[in-house]
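Peer 1: This structure is in structure tokens; I'll ask about it shortly.
The values are calculated or read from the model by the stated rules, or taken from the named source; none is laboratory data. Since this is a predicted model, take the numbers as computed values, not measurements. Positions of Cβ are backbone-derived with ideal geometry, glycine not excepted, and every protein chain shown enters the neighbour counts.
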Amino acid sequence: MKRVRNILFLVFAALLSVLANGQTTVKGVVKDNKGKAMPGISITLKDTYDGATTDSSGKYSFKTTEKGEQLIVASSIGYKSFEQKIILDGTTQTIDISLKEEITELRAVVLTAGTFEASDRKRAAVVLDPIDIVTTASANGDITGALKTLPGAQQVGESEGLYVRGGTAAETKTFIDGTLVNNFFFSSVPNIAQFGRFSPFIFKGTVFSTGGYSALYGQALSSALILESIDLPDQSSANIGLTVLSGSVGYQHLAKNKKYSWGGSYSYTNLGLAFAVIKQRQDYQKVPAYHNADANFRIKTSKTGMLKYYGYFSNNRLAFTTNSIDSLGYKDRFALGNTNVYHNLAWRENLGSRWKLNMGVSYTNNKDDISSSMQDNNKNEVLLGGLEFKRFNVDVKGNYFNAKFVLEKRLKGLSALRFGSEYNYSNDKSIYTDYNGNKYPGSVKEHINSVFAEADIYITNDVAAKAGTRFEHSALLDKTNIAPRLSIAYKLGKGSQASLAYGIFYQNPERRYLPSTSSLTFMKATHYIAQFQKVANQQSFRTELFYKKYDNLLKTAQTTGQETAINNNGFGDAKGIEFFWRDKKTIKNFDYWISYSYLDTKRDFLNFPFAITPNFAAKHTASLVTKKFVQKWKMNLNAAYNFASGRPYYNIGFDGANYKFNDRGTIPDYHNVSFSINYLPFIGKKNPKAFAVYVLQVSNIFNIKQTYGYQYSYNGYRKEAIVPTSRMFVFLGAFISFGVDRSDEVINNGL
Amino acid sequence: MKKTIFFLVATFLVATSFSQSEKYIAAMKKNIADIDSALIKNDAARLVDIAASFERIGDAEKTQWLPFYYAAYCQITFSFIKNDPASNDGIADKADQLLAKAEALEKSNSEISLLKAMSASLRMLVNPMERWMDLGPKIQNYSQDAMTQDPTNPRPYWFSGVSLKNTPEQFGGGCGTAKPQLDKAMELFGTFKPASELHPNWGKQVCERDAAGCK
């Protein structure tokens, strides 16, 4: 027995020694390029099963029976994979590995200075989700309404547009799929801010730059609003909308092969019902009524390519009277008719070998027919001595064409080179008819040609820069400009980064002050921005310090009763600090953001006698936006509070030689509290037959008196506050969309 | 005793001359057993190591879809256990890469479709309010695919049931709608036979537990 046991032992020993001789131990430590141990890294002997994963101190060790020359591979997402030859000869091999970080979108620092982004991309610049645009209580479903709750934008209520960091609304330009949009808002009406023309639902991404934006965009001194339209819809659908203001129908068809889609919608808006319930300051002879129609198609031209068309038509009219400030017992009448046609065609394609093409064309045709006159109490037209100028007619026709292409070459990592060209054509024709029937035609034609190039340079995941230059030539001014842009971002730690931006921005004189008898040049702004941002786990904080210098702003004078550009001797500056804090974490299902802006700005432009704080600039602006989703009720409860400290107001008179102040002061602080409820009864239902959103929105719920400024009688003796058309406003609407596969069923069920 | 010696020697001989496929089967079996023991010990981090090991097998074999399938399964299960939505996108990226490799070798497979649904639902959990409109139908479609591609597979019913169970009642979830799915899954678990000992055969215990939570 003992003998047998010995034999057994021998066999075992032999077996073990053979096995042991056949095995090689491979071990080592994996570190990143900063020398930090990396846990969880997979180490593999290439094309074998053998390998290991590093432990918490970055160490690994495994045994292999493979022999001879082999490759050892270490890989991890976000790092360049490591390969090294090793000879397996039974002796323990120690292979220490250093992995180099790959520059990836997820880890790399993001160039965020001056930029707010609303999109689904996982980037640090993203502070809003696309849905935030429509669920911000004070936004009234308008894109710019939501952006006004971000730092940098003013709460200006008497006219439309984004007034950014001491700039006028005209200093903000809007781009859809890369090309410039003229007439983004409905045509101006005195002292009543107009809405944007486009539904927020046609866009999937919004980038709001409050300064220092890319060389791909130009002709905006202060700000660029860059919108990206949606690609193919998820499914075919039909939708109807019914609100106190409007009715709409639409249809979207998605091809079975999901390669293309087409669709269109029509809406009719009539403010009659709302105005009957909510008393307006104006007495409407023709209640604002709008016909809007749009059509689109989207074609997948390849795996990565997409061709998109969006066409828009709108026709609207309105006429109202207000008690005349110039002559007691009389009324001022204002009437506007507008027809606007907009086409946008955009194409993007990957051309292979990391080349990418983006191109687009857009065309706008806009007609405004404005008439002004005075009426007596019986609504008969009158012509009062000394106030004859108040009766006039202006016909404005604008044709705008914009074409742009951008070629992009992706270099190593995230670095990229981009260049391209842009052409802008505008032709504005107007006929001014005075009370005597004398016609004064005007015409301004402009061609702006631009070329631009920019480079994104990612040195590591922690340092990145974007450097670009833009050249523009204006045929009208017969001048050329060169606008360099630079921004740098540096990662300070996990989720926190610091950014700097610098840039020169040019803009042509506004066409409403043209033609001019003198030779003009580009207006110029120079931006300096410093930003700190920290984003962590559903919370984001950012603060930005900026300085903006204006040169060559337009100065105007009165010629034949009209404000006309005379020179570029205007100037100004703006500086300030802004804060933004968003928190989705602290309270469950409750999301809020706070923004605050401090602005110190002065400028001398247009008819200002000298450099003053302009009437559109408040020193302190703040917003609190809250959103709460109540699962039980399937309701989104949104509230917003907007604040602006009193803005200055001026009555600037012309004494025949100079402009001077007839009156000046400060308007009261602005407060607005809005509330909205979105009720989504179908949310989360399995295979819902329809999807509906019911909206109730109340702006200025506390009925606070809001003053936007003052207007003066012609002689300057009387002044009147400019206030909203009504204090409180209530909006109620239902939007229902049917997945088309099931809409028959729904209709058959007697909906 | 001689027999014992003979047996040992034979074992030794066999062990050193394992054919490639036997080696594959042995390695897979070991890893599958490792998954079970990691789950029993509640050692989620271990799943990442096992995923890496499966991936090594897949990369070395080149023609087998199951290693990639299990690697993705380990990643996804790890992420569900970890329950840290902020990290879900990264893990889902990795899982989807692995599933693409598996799918290149095995088309229209019910088990792969199910993991695609699970990966998409990891992504949705990052920001459900914002993403459900987009991802909800995708999860639905993958689950539906999984059910039609193999009507005897209990796992798609379990996943659909457990997803419903975790959905608030107001949104059409809760035990009321989850129970029939979980019951159906339990019924199928009773008769389900995997195609081989390496093919997916997980989920019965979890399903029992989930079904027990819905009485």
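Peer 1: Are any residues in the stretch A:415-431 surrounded by 19 or more Cβ atoms within 10 Å (Cβ to Cβ) and over 30 Å from A:Leu514 (Cα atoms), and if so, which ones?
Peer 2: A:Arg418
Peer 1: Right, A:Asp462: acidic (Asp, Glu) and out of contact with any Phe, Trp or Tyr (no Cβ under 7 Å at 6 or more places or on another chain) or not?
Peer 2: Considered against the rule, which asks whether it is acidic (Asp, Glu) and out of contact with any Phe, Trp or Tyr (no Cβ under 7 Å at 6 or more places or on another chain), A:Asp462 comes out as no.
Peer 1: Still on this structure, please answer the following. Give the residue that is nearest to the other protein chains (Cβ to nearest Cβ), with candidates limited to residues of the stretch B:156-186 that are within 14 Å of B:Val206 (Cβ to Cβ) and of a type in the set (A, V, I, L, M, F, W, C).
Peer 2: The qualifying residue nearest to the other protein chains (Cβ to nearest Cβ) is B:Ala178.
Peer 1: In addition: Among the residues that make up the stretch A:573-596, is at least one of them of a type in the set (Ser, Thr, Tyr), in contact with a Pro (Cβ under 8 Å, 6 or more places away or on another chain) and over 30 Å from A:Ile677 (Cα atoms)?
Peer 2: no
Peer 1: Which condition number does A:Ser98 fail, the rest of (1) at pLDDT 85 or above; (2) among the small types (Gly, Ala, Ser); (3) over 21 Å from the mean Cα position of the chain (by Cα); (4) not in a strand (DSSP E or B) being met?
Peer 2: (4)
Peer 1: For residues in the stretch A:722-742 being over 28 Å from the mean Cα position of the chain (by Cα) and over 30 Å from A:Val673 (Cβ atoms), which is modelled with the lowest pLDDT?
Peer 2: Among those that are over 28 Å from the mean Cα position of the chain (by Cα) and over 30 Å from A:Val673 (Cβ atoms), it is A:Arg742.
Peer 1: Now for a separate question. Which count do you get for residues in the stretch B:75-92 that are farther than 12 Å from B:Ala120 by Cβ and acidic (Asp, Glu)?
Peer 2: 1
Peer 1: Could I ask something else about it? Working carefully through the options A:Phe590, A:Phe571, A:Phe629, A:Phe579, find the one that is within 30 Å of B:Met129 (Cα to Cα) and modelled with pLDDT of 95 or more.
Peer 2: Result: A:Phe579 is the single residue among A:Phe590, A:Phe571, A:Phe629, A:Phe579 that is within 30 Å of B:Met129 (Cα to Cα) and modelled with pLDDT of 95 or more.
Peer 1: Could you please give the count of residues in the stretch A:106-137 that are within 28 Å of A:Lys80 (Cβ to Cβ) and at pLDDT 75 or above?
Peer 2: Matching residues across the stretch A:106-137 total 6.
Peer 1: Would you please list the contacts, defined by Cβ atoms under 6 Å and residues six or more apart or on different chains, that run from a residue in the stretch A:330-345 that is closer than 29 Å to A:Leu357 by Cβ to a residue that is of a type in the set (S, T, N, Q) and surrounded by fewer than 20 Cβ atoms within 10 Å (Cβ to Cβ)?
Peer 2: Sorted first by the residue in the stretch A:330-345, then by its partner, the pairs are A:Val341/A:Asn365.
Peer 1: Quick one: which of B:Asn166, B:Asn201 is without any contact (Cβ under 8 Å) to a residue 12 or more places away in the chain and under 17 Å from the mean Cα position of the chain (by Cα)?
Peer 2: Being without any contact (Cβ under 8 Å) to a residue 12 or more places away in the chain and under 17 Å from the mean Cα position of the chain (by Cα) holds for just one of B:Asn166, B:Asn201, which is B:Asn201.
Rundown of residues vs (1) modelled with pLDDT of 95 or more; (2) hydrophobic (A, V, I, L, M, F, W, C), yes/no style:
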{"position": "A:Asn402", "(1), (2)": "yes, no"}
{"position": "A:Gly413", "(1), (2)": "no, no"}
{"position": "A:Tyr423", "(1), (2)": "yes, no"}
{"position": "A:Thr433", "(1), (2)": "no, no"}
{"position": "A:Gly442", "(1), (2)": "no, no"}
{"position": "A:Ile448", "(1), (2)": "yes, yes"}
{"position": "A:Asp462", "(1), (2)": "no, no"}
{"position": "A:Phe471", "(1), (2)": "yes, yes"}
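Peer 1: May I pose another question? For the stretch A:28-77, which residues satisfy the criterion of being over 17 Å from B:Asn31 (Cα atoms) and of a type in the set (A, V, I, L, M)?
Peer 2: Answer for the stretch A:28-77, where residues must be over 17 Å from B:Asn31 (Cα atoms) and of a type in the set (A, V, I, L, M): A:Val29, A:Val30, A:Ala37, A:Met38, A:Ile41, A:Leu45, A:Leu71, A:Ile72, A:Val73, A:Ala74, A:Ile77.
Peer 1: Restrict the check to the stretch A:395-409 and report whether at least one residue is of a type in the set (Phe, Trp, Tyr), crowded, with 16+ Cβ neighbours inside 10 Å, within 20 Å of A:Val444 (Cβ to Cβ) and assigned by TED's automatic domain parsing to the domain that holds A:Phe471.
Peer 2: Checking the stretch A:395-409: at least one residue is of a type in the set (Phe, Trp, Tyr), crowded, with 16+ Cβ neighbours inside 10 Å, within 20 Å of A:Val444 (Cβ to Cβ) and assigned by TED's automatic domain parsing to the domain that holds A:Phe471.
Peer 1: Also, I was wondering about something else. Tally the residues that are facing chain B (nearest Cβ under 9 Å) and in a strand (DSSP E or B), restricting the search to the stretch A:24-63.
Peer 2: Going through the stretch A:24-63 one residue at a time, the tally reaches 7.
Peer 1: Sort out which residues of the stretch A:138-173 are assigned to a helix (DSSP H, G or I) and at pLDDT 85 or above, and write them in order of number.
Peer 2: A:Ile143, A:Thr144, A:Gly145, A:Ala146, A:Leu147, A:Ala169, A:Ala170, A:Glu171, listed by residue number.
Peer 1: Within the group A:Thr601, A:Thr621, A:Thr526, which residue is at pLDDT 95 or above and either within 14 Å of chain B (Cβ to nearest Cβ) or within 20 Å of the chain's Cα centre (by Cα) (or both)?
Peer 2: A:Thr621
Peer 1: Does A:Thr149 count as surrounded by 18 or more Cβ atoms within 10 Å (Cβ to Cβ) and more than 38 Å from the chain's Cα centre (by Cα)?
Peer 2: No.
Peer 1: Restricting to the stretch A:81-109, name every residue that is away from every other protein chain (no Cβ under 14 Å), more than 14 Å from A:Asp32 (Cα to Cα) and surrounded by fewer than 16 Cβ atoms within 10 Å (Cβ to Cβ).
Peer 2: Of everything in the stretch A:81-109, those that are away from every other protein chain (no Cβ under 14 Å), more than 14 Å from A:Asp32 (Cα to Cα) and surrounded by fewer than 16 Cβ atoms within 10 Å (Cβ to Cβ) turn out to be A:Gln84, A:Lys85, A:Ile87, A:Asp89, A:Gly90, A:Thr91, A:Thr92, A:Thr94.
Peer 1: For the stretch B:111-140, how many residues are within 18 Å of the chain's Cα centre (by Cα) and buried (at least 19 other Cβ atoms within 10 Å of the Cβ)?
Peer 2: Final tally of qualifying residues: 14.
Peer 1: List every residue pair whose Cβ atoms lie under 6 Å apart, where the two residues are 6 or more positions apart in sequence or sit on different chains, the first residue falls within the stretch B:121-140 and is at the interface with another protein chain (Cβ under 7 Å from one of its Cβ atoms), and the second residue, located anywhere, is not hydrophobic (A, V, I, L, M, F, W, C).
Peer 2: B:Glu130/A:Asp129
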